[in-house]
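J.: Submitted below is the structure of interest, expressed as structure tokens.
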Amino acid sequence: MEDGTKFAPPLPHSQIYHALVRAGTRIRPLQQVHARMVVSGVHCIRSLFTKLITLAGASTASNSGHYIRCLLHSAPNPDGFLFNTLIRVSSKSDRVSSADSIFFYRQMWSEGIQPSSYTFTAVLKACGDHSALRLGRLLHSQAVVNELDEDCYVQTALVAFYSKCGDVGIARMVFDRMREKSIVAWNSIISGYEQNGLADESVELFFEMNKMDSAPKADSATLVSLLSACSQLGRSDLGDWIRDYMSAKGIEPDAILGTSLINMYSRCSHVRKAREVFDNLKQRNVISWTAMISGYGMHGHGDEAMTLFHEMNSEGIRIRPNHVTFVAILSACGHAGLVNEGRRIFASMKQDHKVIPKMEHHVCMVDMLGRAGFLDEAIEFIKEHIPAGSAGPEVWTAMVGACKLHKNFKLGVEAAERLMCVEPNNPGHYVLLSNLYALAGMTDDVETVRNKMVRRRLKKQVGYSMIEIDEVGHVFRMGDRSHSQTRELYRCLDELMLKTCSAVSD
DNA sequence: ATAGGGTTAG
């Protein structure tokens with residue numbers, strides 16, 4: 001840095017500029033400086049406006065969206081630089097629709113302004129978030145025309161874009177062509193494989209990077225993706241290895257990485273290890289607490305989930321549960337049959353925590369009450385809490401499941417009929433309803449539904465599963481008896497059922 | 001005068 005005195009004398013706008021910098025990303029102070037800009041007639045100076053919108057766009061306040069939108073659409077006569085800023089701010093901020101980003105790109109294009117690498121990185125991000133594959137491909141070709149396809153930032157953005165649109169094959173091709181591969185580029189392709197269900201490839205690529213001297217070192221973002229891959233593969237051994245790797249490299253888990261570890265261990269059914277990680281975390285946020293609670297919930301440890309939930313709300317811990325936390329605790333109660341606790345939590349959710357119950361919470365409650373056999377109360381709950389006619393398909397699906405479980409086929413038929421009304425074009429519901437008619441002994445109606453389904457040309461996708469053993473693939477469809485070892489397979493299945501039933505009655 | 005790419009819960 002040069003000595004400050006060597007700089008040119010302050011520009012007329014420099015005071016405003018510094019006022020903006022001082023305001024930082026806080027919306028109110030920015031608005032005050034903005035007002036001063038309008039009064040002094042400099043609010044149309046592009047450099048000042050650009051700085052203003054960059055700062056406002058970086059704000060993390062939840063109520064900043066409206067102001068940012070106002071700024072975006074009052075930009076004075078944008079040049080290339082300002083257009084890039086408009087595109088980036090609207091693609092970054094989740095409070096602004098990233099469709100705006102694409103809109104600004106089109107406007108820039110129609111005004112004949114030359115795009116730069118900044119333009120492409122920003123607008124490709126918006127395309128990725130929108131899964132706008134066609135537009136993104138078009139942008140790719142425009143990047144080639146503008147000779148920006150060799151720019152490593154643009155290439156990284158392309159890798160991320162194709163991954164998000166589900167085309168990891170193309171993402172990989174772009175990645176392989178990169179001359180300089182930053183850690184961000186590696187992370188984009190590793191997470192791309194993982195997000196598209198190709199966990200094996202993602203792990204393989206990580207180890208390839210890890211053994212190359214010329215490749216960058218893994219950072220916490222790499223490990224977050226890798227831990228998700230472990231959950232997908234059920235490879236807690238690899239998860240253990242990552243934990244050792246972290247301590248060897250001195251990577252202290254932050255809230256994000258810590259939460260990923262917790263999720264990995266819970267999903268691999270090592271709840272105790274998950275708890276150990278949780279207890280040792282230096283940084284915990286709502287997400288970490290929620291992950292641990294849901295880890296207990298998914299393994300039926302309702303009591304532990306409750307204890308943790310209360311601990312989270314106890315004095316001295318200033319972490320407040322959000323709507324996801326309530327889904328986690330309510331479903332933990334549901335799986336463990338803690339009906340009284342669940343009812344109490346639902347009541348306190350609105351009263352004490354100011355979290356407005358959404359459809360997902362209602363589903364948890366209906367599921368919980370229904371599983372426990374309180375079918376009438378579940379129906380009452382729907383009537384009382386959900387405006388008539390607006391219960392979603394998830395609510396009725398939970399209700400149907402509960403009715404089947406407790407063999408109340410009359411109520412089950414009613415619930416399934418409601419489900420049909422809500423989603424008349426879902427072929428699965430026709431099958432469900434006709435099964436229930438059959439169970440309820442309403443044979444005439446079975447025919448009617450089946451016929452209706454045929455008339456409307458609806459077909460349910462047949463469920464199937466696959467497994468590969470010694471490089472031979474085996475496919476199983478619903479009711480399929482074509483496998484050469486069908487008899488043995490079904491005998492094995494019967495044994496499993498017996499074991500499961502005796503485990504439940506224990 | 002002003003700026004960039006990846007990673008967070010059910």
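J.: Only one of these conditions is not met by A:ALA255: (1) within 11 Å of DNA strand B (Cβ to nearest atom); (2) closer than 16 Å to A:ASN187 by Cβ. Which number is it?
T.: (2)
J.: Residues being assigned to a helix (DSSP H, G or I), within 11 Å of DNA strand B (Cβ to nearest atom) and buried (at least 18 other Cβ atoms within 10 Å of the Cβ): count how many of those fall in the range A:145-170.
T.: Summing the residues that are assigned to a helix (DSSP H, G or I), within 11 Å of DNA strand B (Cβ to nearest atom) and buried (at least 18 other Cβ atoms within 10 Å of the Cβ) in the range A:145-170 gives 10.
J.: Let me ask another. Any residue at all in the range A:368-385 that is of a type in the set (Phe, Trp, Tyr) and touching a Lys or Arg at 6+ places or on another chain (Cβ under 6 Å)?
T.: Within the range A:368-385 (the criterion being of a type in the set (Phe, Trp, Tyr) and touching a Lys or Arg at 6+ places or on another chain (Cβ under 6 Å)), the answer is no, since none of the residues qualifies.
J.: Which residues, taken from the range A:101-114, are open to solvent by less than 20 Å² (accessible area, probe 1.4 Å) and under 9 Å from A:GLY80 (Cβ atoms)?
T.: A:MET108
J.: Against the definition (open to solvent by less than 10 Å² (accessible area, probe 1.4 Å), under 23 Å from the mean Cα position of the chain (by Cα) and more than 11 Å from DNA strand B (Cβ to nearest atom)), how does A:GLY239 come out, yes or no?
T.: Considered against the rule, which asks whether it is open to solvent by less than 10 Å² (accessible area, probe 1.4 Å), under 23 Å from the mean Cα position of the chain (by Cα) and more than 11 Å from DNA strand B (Cβ to nearest atom), A:GLY239 comes out as yes.
J.: So, one more: Counting only residues that are polar (S, T, N, Q) and within 15 Å of DNA strand B (Cβ to nearest atom), which one in the range A:290-312 is surrounded by the most Cβ atoms within 10 Å (Cβ to Cβ)?
T.: Checked the range A:290-312; the qualifying residue surrounded by the most Cβ atoms within 10 Å (Cβ to Cβ) is A:THR290.
So that you can scan it fast, the table gives a plain yes or no per residue for (1) within 13 Å of DNA strand B (Cβ to nearest atom); (2) of a type in the set (Gly, Ala, Ser); (3) touching a residue at least 24 places away in the same chain (Cβ under 8 Å):
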| position | (1), (2), (3) |
| --- | --- |
| A:ILE183 | yes, no, yes |
| A:VAL203 | no, no, yes |
| A:ASP219 | yes, no, yes |
| A:ALA274 | yes, yes, no |
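J.: Here is a follow-up. Could you tell me which of the residues A:ILE262, A:ILE287 is open to solvent by 60 Å² or more (accessible area, probe 1.4 Å), closer than 22 Å to A:GLU311 by Cα and aliphatic (A, V, I, L, M)?
T.: A:ILE287
J.: A:ASP129: part of a helix (DSSP H, G or I), under 24 Å from the mean Cα position of the chain (by Cα), farther than 29 Å from A:ALA23 by Cα and not hydrophobic (A, V, I, L, M, F, W, C), yes or no?
T.: So A:ASP129 fits the description; yes.
The values are calculated or read from the model by the stated rules, or taken from the named source; none is laboratory data. The model shown is predicted, which means the values in this text are computed figures rather than measured ones. Don't worry about glycine lacking a Cβ; one is built from the backbone with ideal geometry, like all the others, and counts go over all protein chains shown. The protein model used for the area step is the full one, side chains on, heavy atoms only, and it has no ligands, DNA or RNA in it. Shrake-Rupley method; radii C 1.70, N 1.55, O 1.52, S 1.80 Å.
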